[in-house]
Each structure stands twice: as C-alpha cells, then as structure tokens.
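Here's the structure, in structure tokens; my notes come after.
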Amino acid sequence: MKEKIPLTWKSFAGYLLLYVFLGISAAVYVEIVKRAPHLVFGCAMKQVFHLYCPGCGGTHAVNSLLHFDIIRSFLYNPLILYMAGVAAFYFFKAIYLLIRDKGNTILSLDLRVLWAFLWIMLGFFVLRNILLVFFGIDYMGELARFWNT
C-alpha cells in the first residue's frame, strides 16, 4: 500500500527546513546529554525493570552517526540508521521526481517502510534483552552488572 503526497518545490523546501531543524535539534540534544547528563531524564524501563526499551541507545546511535561511525550506530540502535537511510532515500527520490516532473509531482510513500520499522524495533528490543538477561551480553554496558550478579 502506498500513500501519495503532492509535492512542489515550495513544500519540499518546508520539509527540508523541518529535517534541518530536527537534525540540529538531535545534535544539540546529544551535546546536552554528553555535557550535562543530569538535565536529561533517564529511561523508566531501564530504571525500573533493568531492561532496555526499544529506544534505548538512540542517543548513542545518533552521536555515532554524527561521527560517521555506522557500525557502532547500528549496534547501539539500528532504528536510527534505518530512519536515516529511509529519510535519505525519500529525500533524493523527491528531488529526482521534482526535477523530472518540473516542480509538481506526487511522492509515493510505501507503508511497508513503517511495518519494517516496527519489526526492526520489536526484533531488536527482544534480541537485545534476551542477550542481556540470558547470556550477559550488554553492548552498551549499562545493565550487565545487574543481571550478572
């Protein structure tokens, strides 16, 4: 199933500004977390259940991605890399369609992208916590002490 979105150069510029704002916000957030971690709330699931939530590692993944460390970004949280790849794909697809259709086109978004996102999120959540609880493998190194005692 595909979602069709009308697209012009003007609307594309609006989307581009939104993505630039989100990128700058992510970079600022990563810097705040690094310099003043006491200002950021911790993950409730990690603090209460000593398990990683599907979003845990996202900040580390963004930081690694900003430093072009693709493998480490993937290991921290593959959702960040997946979202960056999908955003880049649709960004270049939109530019191509706008040039081809002279500034007025329809961008088709495949909804299977969302299903893939959900499956990656669920799969990584389950896999990471199974490795942590049953095998003591903790790539992030934040919860292994609790489970290995």
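The values are calculated or read from the model by the stated rules, or taken from the named source; none is laboratory data. In this text the structure is predicted, and so the values were computed from the model without any measurement. Don't worry about glycine lacking a Cβ; one is built from the backbone with ideal geometry, like all the others, and counts go over all protein chains shown.
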Study note, to complete from the structure: Listed by first then second residue, the pairs whose first member lies in segment 123-149 and is touching a residue at least 12 places away in the same chain (Cβ under 8 Å) and over 16 Å from Pro78 (Cα atoms), whose partner is part of a loop (DSSP other than H, G, I, E, B) and of a type in the set (Asp, Glu), with beta carbons under 7 Å and at least 6 positions apart or on separate chains, are Leu132/Asp138; Ala144/Asp138
Review point. Considering only segment 1-50, how many residues are assigned to a loop (DSSP other than H, G, I, E, B) and either in contact with a Gly (Cβ under 7 Å, 6 or more places away or on another chain) or modelled with pLDDT of 90 or more (or both)?
Key: 1
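For segment 63-76, which residues satisfy the criterion of being at negative phi and outside any helix (DSSP H, G or I)?
Those that are at negative phi and outside any helix (DSSP H, G or I): His67, Asp69.
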Practice item. Determine which single condition Tyr90 fails, assuming it passes every other condition in (1) of a type outside the set (Asp, Glu); (2) in contact (Cβ under 8 Å) with a residue 60 or more places away in the chain; (3) surrounded by 14 or more Cβ atoms within 10 Å (Cβ to Cβ); (4) closer than 14 Å to Ile5 by Cβ. Key: (2)
Check your understanding: Does segment 51-65 contain at least one residue that is farther than 19 Å from Tyr139 by Cβ and in contact with a helix residue (DSSP H, G or I) (Cβ under 9 Å, 6 or more places away or on another chain)?
Key -> no
Practice item. Look at Ala84 and say whether it is surrounded by 14 or more Cβ atoms within 10 Å (Cβ to Cβ) and touching an Asp or Glu at 6+ places or on another chain (Cβ under 8 Å). Key: no
Study note, to complete from the structure: For segment 82-117, the count of residues that are assigned to a helix (DSSP H, G or I), within 28 Å of Leu17 (Cβ to Cβ) and within 22 Å of the chain's Cα centre (by Cα) equals 18
